[in-house]
Amino acid sequence: MFRFHVPGVSADPGVIDLPADEAHHLRDVVRLKAGEPVHVFDGHGREWAGRVAEVTRRRVTVALERAVTAVAEPPVRVTLCSALLKGDQMDALVRDATMLGVAAIVPVISAHVSVPRAAARSAAAVARWQRVALASAKQCGRAVVPAVSAAIAFDAVLSGVTKDPIIICVEPALGLDTPPADLPRPATARLLLLVGPEGGWSADELAAARRHGALPLALGPRTLRAETAPVVALTTLWTRWGWE
């Protein structure tokens, strides 16, 4: 079943126009014809079944027939604050984190990040990451597209924290870890997950996170690649807390 993203779509059945990029995908990439079944989702958790109504060079429309139950979201809204990675690594992180249910992704400029700040904060970079998140949501069957922000400084991440609990992933060599029994599902159903760069967190960053109440979480005895660590961390959390 092909799925198409239409932000702001009405909840009522009816005929809707696909946005230009989605219309191009339906008409020129997968080459669907009028009458074929499709799904439409709004990126905020709602999804509908329908059929292609019209396909022309100027316009592609879909007739929505009924609302469908979207794939369940995780029980905790996780904001993934990951140290900024280079190029394809950041794309892979956004893709996989979207599949694993994060609510938002915040690239972080930490002490050991080597990506230029200007490039990290460019509108083009943020737009690319958002396209990666959308493509991942479409592929995995998710009806929610997480927001991806411009990169911000590590200190700004901590200063913006209010009451949400924080988990910070740490290197195994540090000898820090929080036992599973001490990682209960947050009562607020919200969480900040901090994952560092290839070079790890600096001592000052780790100390600052601990002062903000962050719980350290080691991800096994091996040092993981920075784009792999978020996948392992999220899988660990959903294994402990369940998916629904």
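The values are calculated or read from the model by the stated rules, or taken from the named source; none is laboratory data. Since the model is a prediction, treat every value here as computed from it, not as a measurement. Positions of Cβ are backbone-derived with ideal geometry, glycine not excepted, and every protein chain shown enters the neighbour counts.
Restricting attention to the range 166-210 and to residues that are in a loop (DSSP other than H, G, I, E, B) and among the charged types (D, E, K, R), the residue that is modelled with the highest pLDDT turns out to be Arg185.
Of all residues assigned to the range 118-134, none qualifies as being in contact (Cβ under 8 Å) with a residue 40 or more places away in the chain, surrounded by fewer than 21 Cβ atoms within 10 Å (Cβ to Cβ) and either assigned by TED's automatic domain parsing to the domain that holds Val9 or assigned to a loop (DSSP other than H, G, I, E, B) (or both). In the range 65-88, the residues that are within 19 Å of Ala137 (Cα to Cα) and without any contact (Cβ under 8 Å) to a residue 40 or more places away in the chain form Cβ pairs under 6 Å with partners that are among the small types (Gly, Ala, Ser) and in a strand (DSSP E or B), at six or more places apart or across chains, as follows: Val68/Ala49.
Before we move on, is Arg51 in a strand (DSSP E or B), of a type in the set (Lys, Arg) and without any contact (Cβ under 8 Å) to a residue 40 or more places away in the chain? Answer is yes for this residue.
Val40 passes every criterion in (1) among the β-branched types (Val, Ile, Thr); (2) surrounded by 18 or more Cβ atoms within 10 Å (Cβ to Cβ); (3) outside the structural domain of Ser136 (by TED's automatic domain parsing); (4) modelled with pLDDT under 95 apart from (4).
Would it be correct to say that Val29 is without any contact (Cβ under 8 Å) to a residue 12 or more places away in the chain, more than 18 Å from Thr228 (Cα to Cα) and of a type in the set (Val, Ile, Thr)? Yes. Scanning the range 74-94 for residues that are touching a Gly at 6+ places or on another chain (Cβ under 7 Å), farther than 15 Å from Trp129 by Cβ and in a loop (DSSP other than H, G, I, E, B) turns up at least one hit. Looking at this structure, is Val102 within 11 Å of the chain's Cα centre (by Cα) and not in a helix (DSSP H, G or I)? When the stated conditions are applied, Val102 passes them.
A quick yes/no check of all residues on (1) at pLDDT 95 or above; (2) farther than 19 Å from Glu198 by Cβ; (3) among the hydroxyl-bearing types (Ser, Thr, Tyr):
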position	(1), (2), (3)
Lys86	no, no, no
Met90	no, no, no
Val94	yes, no, no
Thr98	yes, yes, yes
Pro116	no, no, no
Val145	yes, yes, no
Ala150	no, yes, no
Ala153	no, no, no
Lys163	no, yes, no
